[in-house]
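The values are calculated or read from the model by the stated rules, or taken from the named source; none is laboratory data. Everything numeric here is computed off the predicted structure, so don't read it as measured data. In this analysis, Cβ positions are derived from the backbone assuming ideal geometry, glycine residues included, and neighbour counts consider all displayed protein chains. Note: accessible area is taken over every heavy atom of the protein model, side chains too, but ligands, DNA and RNA are not part of it. Shrake-Rupley method; radii C 1.70, N 1.55, O 1.52, S 1.80 Å.
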Amino acid sequence: MTIETSTAAPETTAPVEDRALLVVRDLRVAYQSTRMFGRKRGVEVVKGVSFHIGAGETFGLVGESGSGKSTTGRAILRLIPSASGSIEFAGTEVTAFGRRTPLSYRRDVQAVFQDPSMSLNPRQPVSDALLAALKRHGMSSRAERWRVAAEAFDQVGLQRAHLDRYPGELSGGQQQRVAIARALVLKPKLVVCDEAVSALDLSTQSQIINLLCDLQEQTGMSYLFIAHDLGIVRHLSDRVGVMRQGELVEVATPEELFTRAKHPYTRRLLGATPADHPEGRERRREVRAQWARVHALEEELSDPA
Amino acid sequence: MLKLIASRLVLVVPQLLIVGFLVFSLIYLVPGSAAAMILGDAANPEDIARIEAELGLDRPFAEQVVNWFAAAVQGDLGQSYLSNRPVTDLILERLPATLSLVGGGLLVAMLIGVSLGILAGTHSRRPVDRGVTAFTSLMQSMPEFWVGIILVLIFVIQLGWFPVVAWTPPDADPGKWLRGLVLPAIALGAGACALIARQTRTAIAEALASKYADTLTAAGVPRSKIIFKYALKNAMIPVLAASALAVGILFGTSLVMERVFAFPGLGTLLLSSVISKDFPVVQGAALVVCVIVIGVNLVVDIAYGLLNPRARPQ
Amino acid sequence: MTLRPEPKTSAVAVAKKADGPQSGARRVLKRLSRKPLAIIAALWILFIAFCALNADWLAPYDPLLNNFTPEGILQGPNPAHWLGTDENGRDTLSRLLYGARVALMVGFGSVLVAMVIGVPIGLVLGYRGGWADRIGTRFVDIIDALPGMLVAFAVIAILGRGLPSVMLGIGLIFCMNFARMARAITLAERSKLYVDAARVSGIREIAILFRQVLPNLAGPLVIQGAILTGAAIIIESALSFLGIGLESSVPSWGGLLGAAVRQQLVQPFFAFPPGITILLTVLAFNILGDAISEALAGDSRKRVKRIKRRAVADPSVALTAAATHASRISGVPTEGPADPDHVLEVRGLGVSLYGPGAPVPLVRDVWLGIKKGEVVGLLGESGSGKSMLARSILGLLPPGIGVTTGSILLDGREIAGARERDLRDVRGRKLAAVFQDPMAALSPVHTVGTQLTEVLHAHFKLSRGAARARAAELLDRVGVSNAAKRLNDYPHQFSGGMAQRVAIAMALAANPDLVIADEATSALDVTTQAQVLDLLLDLRDEFGMGILLITHDLGVVAEACDRAVVMYAGEIVETADVTDLFDRPRHPYTAALLASNPNAESESKRLAVIPGRVPLAGQWPDGCHFANRCPFAVEACTAGSVPLIDDVRCIRVDELRLEKVAP
């Protein structure tokens, strides 16, 4: 069993990359764990990841815990520094920014995080986040800021009355709509959705996914959609990347991935993903049992015991 | 295990150095010259210079610090300005009384505190819990020395159950020593027990509401086992931290309690030497108290590592 | 490794009256005003402050006025001197009133000093982080560990006696306390997601610090300040008692106490006025601090009513039984003994929350039967009541929640609302549970072997060696390699999936007839989830126990369950064999769930959506709970409560054809 490296990933040729909005090349991210007495020991969490996202495109990034997908997203958002590699956004090299991130980048690249009850400050009304962002980006007129915020709320399906509410007074779905409005209000080119629907109820998940689709059609922004669930990612994505333990093992369109997955890990992930119908489950169970027998040793090695 | 002790010991060394440094530098913060204070108003500059040379006070600061540390490590804490006796002797004379007070107070505080805490924690949010909280609030609000005074008024003066002279050295007469300790230990423990009781209560209540308590209950493990084996051990960690804190507080309050019960401890020594500006004694006594407190914290730290497997060095 | 949080499944999602857009401070004050004790405490402090400010005209005598005559000194209470006199013949009451000034000045002053020194240090340490924080914290810890009295002694030794040095000394004692607190709060806030969100919006770091972090400091500062003010008063009194506080002519409560000790043989009464005053004042500050702390924490700390084990009402009064008079509902007999094939029977169960008002129903009219060896999936979103149902079966309902109607029959034996004593026979032996978060479900300070053998010892008479051997066998059976050695490991040394296997081993230790898995795989990775589900199925094949699989995931139901029970807003809406459920859903909610499943194959990018939200307990509409979101609702749906009709809670069940509801 070979593990495909990022350089062998079936990525497209240079001309498409040149036109792409975001190009990530050989990105490496490490967490420093310093000790009081002793050398810094960095643990590499993202080990040389490369992919690109075009304008108006959705790239789904899928992986289990420890795969480094969220870390990749956070590095692109410049919430954590990258150790090496290149992140190119609209032709500009992002990793060269140094400590201060230019305001233009903060306008063009936005995020929607996983848990809306945590990504909104519980002590402030929900409009605060939007207004503060607008003010920071140079909108000096208060009336103007309120107008834009109200428009954003309309766009995401909230009422204007919601502007004054506190997060605790809204449901999970409504809170996430606020988070999306906050990202929208700066008219970004790329939005990183980090598990944006994982903490929501089943019935709310589909509402939010539809909303994200609609917004993309209206505004033409790109999404980096990070998730652990292949099923969710398949709906939104134009292309999907599968990550495992810091490496990008496969990139393909959803259709290719689901029918003709190349990498063994992808196939294993697909085999483990619950189906949408009981039919064929006996067979799936048998296949998984076979794998388990064959790969019993490999599982033991991956256990942190 | 050894690795755990070693790692904790290593961290204690800088602590001792810093504390020692602070204690030593105390006298240099006092306005005026120490020698002048010893000699009094009638001193003339030559006498002052002579005394300073004698006491080594004219040496550079860094040299004095090092000398003092070197001597201290060997057990020599200098001479008292007043009595000219070695500071170490003075301190050793006084140590048993102070240690008895602190030890007794800690024992009472832990006994009462942990028991009340378990009681309150197992009946969380019910009347018993509220009663315990009210009681501990009351205990926390009373000056310990006042409790001591009242206890003396009632049990020594009125009822005569305990001797007027409370202190007897333990080697002289253990029985009398213990009897004399009862009232001060209660007075000291009553104040400190509030802290321990609260921490215990919170920790036990949390442990009993935890998912692992649910798992064990659902698996059929009897409730008493869950309380005393599982909840208690999980609760021990914050309780130990509270106890370490209590020791620091107890050292402070015992200094005061010596006055009430006429215990010849470090407190009275420290007090008189502060008033008379007998700095070697002040430095020596302060250092000894700090070392003991740091030592207790070290023991607690190690115990913490033993109790909490995640805190051990991997 | 971060596990994703589960969807919002609060234990009890009861609708609360919205507090409205009030500012935090106003809300806290409102809550405080409802606590009588806090009001009394505040009044006492105001009274003391009043005395301090107006001592000049309140005090009957000049506090420094000596009356050094044999009859004048150390008088007990008398009409001329209400609280007697001290050893110099000075009026105690007057000195007490003036002493209030010193007490309050020292109290507030030293806390202020401590805050001014400590809070900035804590903020810097918490915000900077990194090595500066590490070293700085050590420093803070060292200073904090020093006995406070020593620090006070040192300051007084250097600066001499007097109010400023007392305030500084006590302030230094407390400053590291505030530093620690400020640091902890700043650290906690820094790692909050909304701080990240603000950074992504481009907000400057300083602005984040002031807007997001600092407001969180206000409350704890006030609480700690109140409590430490009381402590400062006690310390001042101790210093004055020792004679190194303020000058002895300045009237202070501690000085009075000090004098009282010296005179205790001559005039014992003298010790009481100052002592009681200190006690009451410090108590008032402590009560106020506690009350503010409770007010900030909100109503989560309300007093809880103890539920008496009530006699459980007859299941035949439950909705469906009364409405249809059927002899069996969802395969479960309405009366008489349990079906011998059934391991578990739930008949007409109702569970409610008992609060200040009327009981709020959380679960209603539940009819459920599980056969031996059957895997039944209980599917529901948050607010469906599925967790409450599980807990009522296990007898693990939180305080304040109880079973109101119906029966739970385990192997024919009634366990609804049973006492702890009676449940002990059943737990582990007949009934076992596996919960959601395996790391939280195991005690972190005990080895896995200890916990596993604990369960074994609770049910079997085994020697220690035999118990360990059996535990190793169990671990091996659930797929933990190197089982014997792993018995000595702690839970944090296992991965999530392995820890869940340990939890399963504990559940199986006494060979139960029924295992309840409450979202047992929700916190696990996809591949691990598949492994754990496969393991449960293997164990079912080998041991033949029934499994109740509680989940919010349709995929889990599809992969592992023989039958499925769908819950919505506290009620069962549909029960069916799993293939029937997916092929021919009969309740509009089930159909809508299936259609909006992101995992489902579908051509269009858009998913079907269920508009609206789940009604919370306490806000259930009359009639069908799903009616306001149902595309097929008619007027009759909201007329009255809907019973289960042929396993489906829908009055239109015979009319609707719900396969593949199109988006």
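What number of residues within segment C:408-453 satisfy the criterion of being outside any loop (DSSP other than H, G, I, E, B) and among the basic types (Lys, Arg)? Let's see the steps before the verdict.
We begin by selecting, within segment C:408-453, every residue outside any loop (DSSP other than H, G, I, E, B); these are C:408-410, C:413-414, C:420-427, C:431-434, C:448-453.
Remaining after also requiring among the basic types (Lys, Arg): C:413, C:421, C:424, C:427.
The total comes to 4.
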Next item on the list: Tell me which of these C:ILE547 doesn't satisfy, since it passes every other one: (1) buried (at least 23 other Cβ atoms within 10 Å of the Cβ); (2) within 14 Å of chain A (Cβ to nearest Cβ).
Entry: (2)
Next item on the list: Take segment B:230-251 and flag every residue that is within 8 Å of another protein chain (Cβ to nearest Cβ), without any contact (Cβ under 8 Å) to a residue 40 or more places away in the chain and not polar (S, T, N, Q).
Entry: B:TYR230
Checklist line | Any pair with Cβ under 9 angstrom, 6 or more apart, that starts in segment C:276-287 at a residue that is closer than 14 Å to C:ILE235 by Cα and ends at one that is of a type in the set (S, T, N, Q) | finding: C:ILE278/B:SER141; C:ILE278/C:SER237; C:LEU279/B:SER141; C:THR281/B:SER141; C:VAL282/B:GLN140; C:VAL282/B:SER141; C:VAL282/C:THR229
Notebook entry, point to check: For segment A:136-150, how many residues meet the condition of being facing chain C (nearest Cβ under 9 Å) and open to solvent by 50 Å² or more (accessible area, probe 1.4 Å)?
Noted result: 1
Notebook entry, point to check: What tally of residues in segment A:80-112 results from selecting those that are aliphatic (A, V, I, L, M), more than 29 Å from A:LEU269 (Cα to Cα) and within 14 Å of another protein chain (Cβ to nearest Cβ)?
Noted result: 3
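Would it be correct to say that A:SER67 is more than 24 Å from A:GLY172 (Cα to Cα) and at the interface with chain C (Cβ under 10 Å from one of its Cβ atoms)?
Working: more than 24 Å from A:GLY172 (Cα to Cα): yes; at the interface with chain C (Cβ under 10 Å from one of its Cβ atoms): yes.
Judged against the criteria, A:SER67 is a match.
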Next item on the list: Go through segment A:113-124 and count every residue that is open to solvent by less than 20 Å² (accessible area, probe 1.4 Å), within 8 Å of chain C (Cβ to nearest Cβ) and assigned to a helix (DSSP H, G or I).
Entry: 1
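From the list C:LEU172, C:LEU93, C:LEU125, pick out the single residue that is assigned to a helix (DSSP H, G or I) and buried (at least 23 other Cβ atoms within 10 Å of the Cβ).
Details: C:LEU172 fails: buried (at least 23 other Cβ atoms within 10 Å of the Cβ); C:LEU93 fails: buried (at least 23 other Cβ atoms within 10 Å of the Cβ).
Within the list C:LEU172, C:LEU93, C:LEU125, the selection yields C:LEU125.
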Checklist line | Inter-residue pairs, beta-carbon under 9 Å, first more than 10 Å from C:TYR568 (Cβ to Cβ) and in segment C:611-630, second open to solvent by 10 Å² or more (accessible area, probe 1.4 Å) and among the basic types (Lys, Arg), 6+ apart | finding: C:PRO611/C:ARG629; C:GLY612/C:ARG629; C:ARG613/C:ARG629; C:LEU616/C:LYS16; C:GLY618/C:LYS16; C:TRP620/C:ARG364
Check: Between residues in segment A:269-280 that are on the phi > 0 side of the Ramachandran plot and residues that are modelled with pLDDT of 85 or more and open to solvent by 20 Å² or more (accessible area, probe 1.4 Å), which pairs lie under 8 Å by C-beta distance while being six or more apart or on different chains?
Finding: none
Check: In segment C:398-408, is there at least one residue being more than 14 Å from every other protein chain (Cβ to nearest Cβ), at pLDDT 90 or above and under 30 Å from C:ASP538 (Cα atoms)?
Finding: yes
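Given the structure, is C:SER191 more than 30 Å from B:SER273 (Cα to Cα), surrounded by 18 or more Cβ atoms within 10 Å (Cβ to Cβ) and among the hydroxyl-bearing types (Ser, Thr, Tyr)? Quick ask: steps written out before the conclusion?
Working: more than 30 Å from B:SER273 (Cα to Cα): yes; surrounded by 18 or more Cβ atoms within 10 Å (Cβ to Cβ): no; among the hydroxyl-bearing types (Ser, Thr, Tyr): yes.
Criteria not met by C:SER191.
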Margin query: Quick check on my filter: what residues within segment A:107-119 are within 22 Å of A:ILE76 (Cβ to Cβ) and in contact (Cβ under 8 Å) with a residue 40 or more places away in the chain?
Written below: A:ARG107, A:ASP108, A:VAL109, A:GLN110, A:ALA111, A:VAL112, A:PHE113, A:GLN114, A:ASP115, A:PRO116, A:SER119
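Identify, please: which residue in segment C:465-514 is of a type in the set (D, E, K, R) and assigned to a loop (DSSP other than H, G, I, E, B) and is, among those, surrounded by the fewest Cβ atoms within 10 Å (Cβ to Cβ)? Write out each step before concluding.
Step one: filter segment C:465-514 for residues of a type in the set (D, E, K, R), giving C:468, C:470, C:473, C:476-477, C:485-486, C:489, C:501, C:513.
Still in the list and also assigned to a loop (DSSP other than H, G, I, E, B): C:489, C:513.
Details: C:ASP489: 18, C:ASP513: 20.
Residue satisfying both the conditions and the ranking: C:ASP489.
Out of everything in segment B:130-189 that is small (Gly, Ala, Ser) and open to solvent by 20 Å² or more (accessible area, probe 1.4 Å), what residue ends up being nearest to B:LEU116 (Cα to Cα)? Break it down stepwise before answering.
Quick first cut of segment B:130-189, residues small (Gly, Ala, Ser) only: B:131, B:134, B:137, B:141, B:148, B:160, B:166, B:172, B:175, B:180, B:185, B:187, B:189.
Filter again for open to solvent by 20 Å² or more (accessible area, probe 1.4 Å), leaving B:131, B:134, B:160, B:172, B:175.
Working: B:GLY131: 10, B:ALA134: 12, B:GLY160: 30, B:ALA172: 35, B:GLY175: 28 Å.
Among those that are small (Gly, Ala, Ser) and open to solvent by 20 Å² or more (accessible area, probe 1.4 Å), it is B:GLY131.
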Checklist line | Given (1) part of a helix (DSSP H, G or I); (2) of a type outside the set (D, E, K, R); (3) open to solvent by 10 Å² or more (accessible area, probe 1.4 Å); (4) in contact (Cβ under 8 Å) with a residue 40 or more places away in the chain, number of the condition A:ALA181 does not satisfy | finding: (3)
Next item on the list: Would you mention how many residues in segment C:265-289 are facing chain B (nearest Cβ under 7 Å) and under 18 Å from C:LEU43 (Cβ atoms)?
Entry: 6
Margin query: Cβ-Cβ under 6 Å, sequence separation 6+ or interchain: first residue in segment C:516-541 and more than 11 Å from chain A (Cβ to nearest Cβ), partner assigned to a helix (DSSP H, G or I). Which pairs?
Written below: C:ILE516/C:ALA390; C:ASP518/C:ALA390
Check: Which of the residues belonging to segment C:219-264 are within 19 Å of C:LEU65 (Cα to Cα) and either more than 12 Å from every other protein chain (Cβ to nearest Cβ) or in contact with a His (Cβ under 9 Å, 6 or more places away or on another chain) (or both)?
Finding: C:LEU246, C:GLU247, C:SER248, C:SER249, C:VAL250, C:PRO251, C:SER252, C:GLY255
Check: Within the set of pairs 6 or more residues apart or between chains, which connect a residue that is of a type in the set (D, E, K, R) inside segment A:132-158 to a residue that is in a loop (DSSP other than H, G, I, E, B) and open to solvent by 20 Å² or more (accessible area, probe 1.4 Å) with Cβ atoms less than 6 Å apart?
Finding: A:ARG136/C:ILE203; A:ARG145/A:MET139
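A quick yes/no check of all residues on (1) without any contact (Cβ under 8 Å) to a residue 40 or more places away in the chain; (2) within 23 Å of the chain's Cα centre (by Cα):
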site	(1), (2)
C:ARG421	yes, no
C:ASP425	yes, no
C:LEU431	no, no
C:SER443	no, yes
C:THR453	yes, no
C:LEU456	no, no
C:PHE460	no, no
C:ALA467	yes, no
C:ALA471	yes, no
Item checked: Of the criteria (1) open to solvent by 50 Å² or more (accessible area, probe 1.4 Å); (2) in a loop (DSSP other than H, G, I, E, B), which one C:ALA184 fails -> (2)
Notebook entry, point to check: Between a first residue in segment C:133-162 that is over 16 Å from B:LYS277 (Cβ atoms) and within 9 Å of chain B (Cβ to nearest Cβ) and a second residue that is modelled with pLDDT under 80 and not in a helix (DSSP H, G or I), which pairs have beta carbons less than 7 Å apart while being 6 or more apart in sequence or on different chains?
Noted result: none
Check: Restricting attention to segment C:593-633, and to residues there that are within 8 Å of another protein chain (Cβ to nearest Cβ) and open to solvent by less than 20 Å² (accessible area, probe 1.4 Å), which single residue is modelled with the highest pLDDT?
Finding: C:LEU593
Next item on the list: Give the number of residues within segment B:149-199 that are among the small types (Gly, Ala, Ser), in contact (Cβ under 8 Å) with a residue 40 or more places away in the chain and farther than 15 Å from B:ARG259 by Cα.
Entry: 6
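Yes or no: A:ARG239 farther than 19 Å from A:LEU21 by Cβ and not aliphatic (A, V, I, L, M)?
On the way: farther than 19 Å from A:LEU21 by Cβ: no; not aliphatic (A, V, I, L, M): yes.
Spelling it out, it is not the case that A:ARG239 is farther than 19 Å from A:LEU21 by Cβ and not aliphatic (A, V, I, L, M).
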